[in-house]
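Each value in this text was obtained by applying a stated rule to the coordinates, not by laboratory testing. Computed from a predicted structure; not experimentally measured.
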Amino acid sequence: METVKAGVKCRRCKVTLFNPKFTITHRMTAAITQIERARGFIEAARLSDDWVRDMGNQALMKEAHHTTHIEGTQLTLEQAERLWKGEDVPGADPDGTRELLNYRSAFEFVSDCLDPGDPVTEGLIREIHKKLVEGVRGGKADPAVFTGPDMISNACSLSVSIMTVTDRLFIKKFKAFVKMTWI
């Protein structure tokens, strides 16, 4: 065990600015060694491109599932996973299935046309929304209008007033929200 005393004196005023007193124990040394070994392992480990792609895809699938669940779809997470992989799921609601898969289309659209730092425009929001509602709710969903009420399954219902995507105040607030959460 080694006791370390250190002090830094100001050249001008000869006052000790920092004078820590501590003891480095064997236990501390062992812990620091373990941390350094773990750090070295992590730095040396390279995540495979397949693993990163699979994890990203899994995150997008869960995002789509939970978001569509808020909209009222009744798909289970297992059904969503199978549908996302392209499997047939007997008994799955056709509108819920279409809505889930529309999210994948919207994610791909945003990935293809929006780079980090690009502005979120009204036109982009319209295109995203058009992809999200394409072919859902019996083909009656209007890609330019958000309607309510929407329902959070197994939780509560939300009353959402009818509002068009062209509502300037909504667009302004949405763009501010996106900037705040994505930057």
Segment GLU81-ASN57, extension gain: residue separation times 0.36 nm, minus the distance between their alpha carbons: 7.6 nm
Students often forget the sequence filter, so: which aspartates and glutamates lie under 16 Å Cα-Cα from LYS85 once same-chain residues fewer than 8 apart are removed? ASP50, ASP54, GLU63, GLU99, GLU108
Need the C-alpha centroid separation for the range 23-53 versus the range 59-107, integer Å. 38
